[in-house]
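**Q** Please see the structure below; I have some questions.
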Amino acid sequence: MARIVMKFGGTSMAGTERIRRVANIVRRQQAAGHEVAVVVSAMAGETDRLVNFCREANPLYDPAEYDVVVASGEQVTSGLLALTLQAMGCKARSWLGWQLPIHTDDAHAKARIEDIDSEALLASMAAGEIAVIPGFQGLSPANRVTTLGRGGSDTSAVAVAAAVNADRCDIYTDVDGVYTTDPRIVAKARKLSHVTYEEMLELASVGSKVLQTRSVSLAMKEKVRVQVLSSFIDDDAPAADTLPGTMIVSDEELEGLDMERQLITGIAADKNEAKVTLTRIADRPGAVATVFEPLAANNINVDMIIQNVAKDKGETDVTFTVPKADLLRTQALLEENKDKIGFFRMISDDKVAKISVVGVGMRSHAGVASTMFKALADRGINIQAISTSEIKVSVLIDEDETELAVRVLHTAYDLDSKDEAA
Ligand code: ADP
Ligand code: ASP
Ligand code: MG
């Protein structure tokens, strides 16, 4: 017998029929002798709908009230799944974030889980009841409802798995695992049987939305075994216990598997950044600091940065990227500080995409970046900025060339599936 936390995403929970399919999967895990807790997302599209209501009601909405509204999507699905399980003869009940409770900090709309009271959950599971927990929501120190940021149900699931010391956290979604790139963009993407925490963390943070970034860092820290697998399966599909999806594993575990590793594990695209260039900034110590200080003070995350070599007159250009959602605020802050910074023009472009290649193999092999630059150049794709980490190379390109770039790189790193059907 094992203790398993199962998480179902929005597409899997979209409507009564799909919830019945989910209930069936849950019931089978329990029938296999496991103790189960289930974490659910709102129905697909529901959170977007609720966010829009908030915007319509008040464009400068109070994040605490936003949380009251958007947390409701998961309340509905958790109740519906409990009802469906009961209709199948299972013992089941819902546990809302405030009932357990799931304690978070007070950063509304992007709260962090601090602690989960697991006592009631453990008692319920031990009594053979299926605990159904709405993802995405928690309780602030001031006893107000919080939410964990978009995609946050993944993090709820991993946190619950850590709290109840689960043997495995199965993340059921609309694809059957983590692929070399988004299988909806590249038909020849290949499913990975294993990926390391570090690679998954990097892939998530550069745009692979299959797992929320925080869920991966939490799993890594708490050593939670995470599997990504499909909820769109038939009754005769291999059981989750045979690990049909993608397992997230440690470096050591991966080495022990002795698999043939590709140099690059995955490719991700992110269209959520915007590029800002400031021209003719003084090329002297401290000048760049005056650009980034006001952004940091306003919690705006700057990602890629390039400063050109000074041309003449001791002046230089600085280019950097910020989240698209923060572009207007960035522009306003830079204008406000224009005299202090001393730039000539500000040029912004939100039609850009960041393409990243990720793989632990990069540590021991040279030439990853040059393969990338050459493959893009051969297709006439212009690189506007570059950034690297130990296991990642990212480039900024024109947004219209996103799909082409991902396909070209997928082929260049020899990742294409050899399967004829793909
Ligand atoms: P859920 O609603 O279950 O949380 P998401 O839509 O958040 O599902 O995440 C699943 C989606 O992630 C897939 O439908 C797929 O389009 C996308 N995706 C992006 N990159 C990858 C990848 N490397 N492997 C698998 N899926 C990916
Ligand atoms: N429903 C939330 C969202 O759409 C959380 C989640 O599904 O993970 O962002
Ligand atoms: Mg998701």
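The values are calculated or read from the model by the stated rules, or taken from the named source; none is laboratory data. What you see is a predicted model, and the numbers here were worked out from it, not measured in a lab. Cβ placement follows ideal geometry from the backbone for every residue including glycine, while neighbour counts extend to all protein chains displayed. Surface areas here come from the heavy atoms of the whole protein model, side chains and all, with no ligands, DNA or RNA. Shrake-Rupley method; radii C 1.70, N 1.55, O 1.52, S 1.80 Å.
**Q** Quick one: go through region 268-282 and flag any residue whose amide nitrogen is under 19 Å from the point 7 Å out along the Cα-to-Cβ line of N298.
**A** Counting only backbone N, you get 273-279.
**Q** Rounded to the nearest angstrom and ordered from largest down, what semi-axes does the equivalent ellipsoid of region 259-370 get from its C-alpha gyration tensor (root of 5λ)?
**A** Semi-axes from the Cα gyration tensor: 32, 18, 12 Å.
**Q** Kindly give the semi-axes, whole Å and largest first, of the ellipsoid equivalent to region 1-78, taking each as the square root of 5 times a Cα gyration tensor eigenvalue.
**A** 32, 13, 7
**Q** Still on this structure: Kindly rank 390-401, 267-278, 327-338 from highest to lowest mean number of other beta carbons found within 10 Å of each residue.
**A** On the way: 390-401: 18.6, 267-278: 21.2, 327-338: 14.9.
Packing order, densest peptide first, comes out as 267-278, 390-401, 327-338.
**Q** A further question follows. Using the Cβ atoms and a cut-off under 12 Å, what net charge is assigned to the surroundings of T371, where Lys and Arg are +1 and Asp and Glu are -1? All intermediate terms of the calculation are to be shown ahead of the outcome.
**A** Details: positive: K374; negative: D378, D414.
The answer is -1.
**Q** Can you list the aspartates and glutamates whose alpha carbon is less than 17 Å from that of K275, not counting same-chain residues fewer than 8 positions off?
**A** The qualifying aspartates and glutamates are D303, D317, D326, E335, D349, D350, D398, E399, D400, E401.
**Q** Sort Y172, Y197 by heavy-atom solvent-accessible area, probe 1.4 angstrom, most to least.
**A** Details: Y172 5, Y197 30 Å².
My answer, sorted largest first, is Y197, Y172.
**Q** Same structure, new question: With labels modelled as points extended 7 Å from the Cα through the Cβ direction, what inter-label distance (nm, one decimal) is found for A325 paired with L60?
**A** 1.9
**Q** Where the only charges are on Cβ atoms (+1 Lys, Arg; -1 Asp, Glu), what is the dipole of the chain about its Cα centre, to the nearest 20 debye?
**A** My answer is approximately 360 debye.
**Q** Taking the 0 to 90 degree range and rounding to the nearest ten, how far is the long axis of helix 402-412 tilted relative to the main principal axis of the chain, both from C-alpha atoms?
**A** It is inclined by approximately 80 degrees.
**Q** Have a look at T371, T290, S348 and report the one farthest towards the positive end of the charge dipole of region 275-376, computed about the Cα centre with Cβ charges (Lys/Arg +1, Asp/Glu -1).
**A** T371
**Q** How much length, in nm to one decimal, is gained on full extension between K191 and K418, taken as 0.36 nm per residue of separation minus their Cα-Cα distance?
**A** Going from the current span to full extension adds 80.5 nm.
**Q** Would you mind classifying the chain by shape? Square roots of the alpha carbon gyration tensor eigenvalues, ordered a ≥ b ≥ c; an a/c under 1.5 is rounded, otherwise it is prolate if a/b is larger than b/c and oblate if not.
**A** Taking the square roots of the gyration eigenvalues as a ≥ b ≥ c, the chain is oblate.
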